[in-house]
Amino acid sequence: MQYVDGALINALGIVIGSLIGLSGGKRFTTDFRRQALRVIGIVVILMGFKMAWPLPDAINTLLSLELGLGVGTWLHLDEKIQHFGQWAESRVGTTGFAKGFISATLIFNIGAMSILGSLQNGLTGKFPILATKAVLDGTTAVILTSVAGWGVIAAAPVTLLYEGSLSLLASGLASVLRGVLLTDIKAVGGLMIAAIGMNFVLDTNIIKIGNLLPALLFPLILFWLQIHGLHFL
């Protein structure tokens, strides 16, 4: 159970937010919603820095982020994720149960926080990223449900299944991803989380998080190179 606690809390946050949205979500002003997201962003920044600190190997971390950014940019990952999100938001303009379900499922699950939070939960048994995401998704659910109706709440079990599966997969790799390697992965992931928070605060996509996702693989590659005699310090 400890490896899916974060997914359970995230799903619960969506349910609570959806119920609030159904009962009176339209009462929240646009300014309040924007300010609420910025406050969440500040917390996410601090959480990311805490996760990354102390930076164990600055060169490895920088190389992982830069190489990951290069691969992600080449694959246009962030652009593809943004297109998915825009398509999901456009579904709110349609009618019926499906509009809320499809929109919410994509918005809640396509993004770096789902992946990073699930990895953290599976590898360490802790879930501050997914707990914070539960607040964020709950806030989003309030807004979505007030517009799109009951379909939003149906995204909760999908989120539970998706994030829970990722967490269980990560827990199976915990015996391999440990020690220095786990610390390096946490440092890269923490800085990505801080970048997500910065985007929330600035209310813009100034840092393209989607393009950074391949960076999570490079600590593994660099670790393999190091144990075969190639060092960068």
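The values are calculated or read from the model by the stated rules, or taken from the named source; none is laboratory data. Not measured: the values here are computed from a predicted model. Using ideal geometry, Cβ is built from the backbone for each residue, glycine included, and neighbour counts are taken over all protein chains shown.
Observations on the structure shown:
- Close pairs from region 26-47: first at pLDDT 80 or above, partner part of a helix (DSSP H, G or I) and of a type in the set (Gly, Ala, Ser), Cβ under 6 Å, at least 6 apart: GLY41/GLY197; VAL44/GLY197; ILE45/ALA194; ILE45/GLY197
- Filtered residues of region 176-230 (kept if polar (S, T, N, Q) and assigned to a helix (DSSP H, G or I)): THR183, ASN199, ASN211, GLN226
- Qualifying residue in region 151-160 (condition: in contact (Cβ under 8 Å) with a residue 24 or more places away in the chain and either over 11 Å from THR105 (Cα atoms) or of a type in the set (Lys, Arg) (or both)): no
- Some residue of region 178-188 being within 23 Å of HIS76 (Cα to Cα), crowded, with 20+ Cβ neighbours inside 10 Å and in contact (Cβ under 8 Å) with a residue 60 or more places away in the chain: yes
- Boolean, LEU130 is under 23 Å from ILE9 (Cα atoms), in a helix (DSSP H, G or I) and in contact with an Asp or Glu (Cβ under 8 Å, 6 or more places away or on another chain): yes
- Boolean, ALA141 is part of a helix (DSSP H, G or I) and either surrounded by 19 or more Cβ atoms within 10 Å (Cβ to Cβ) or hydroxyl-bearing (Ser, Thr, Tyr) (or both): yes
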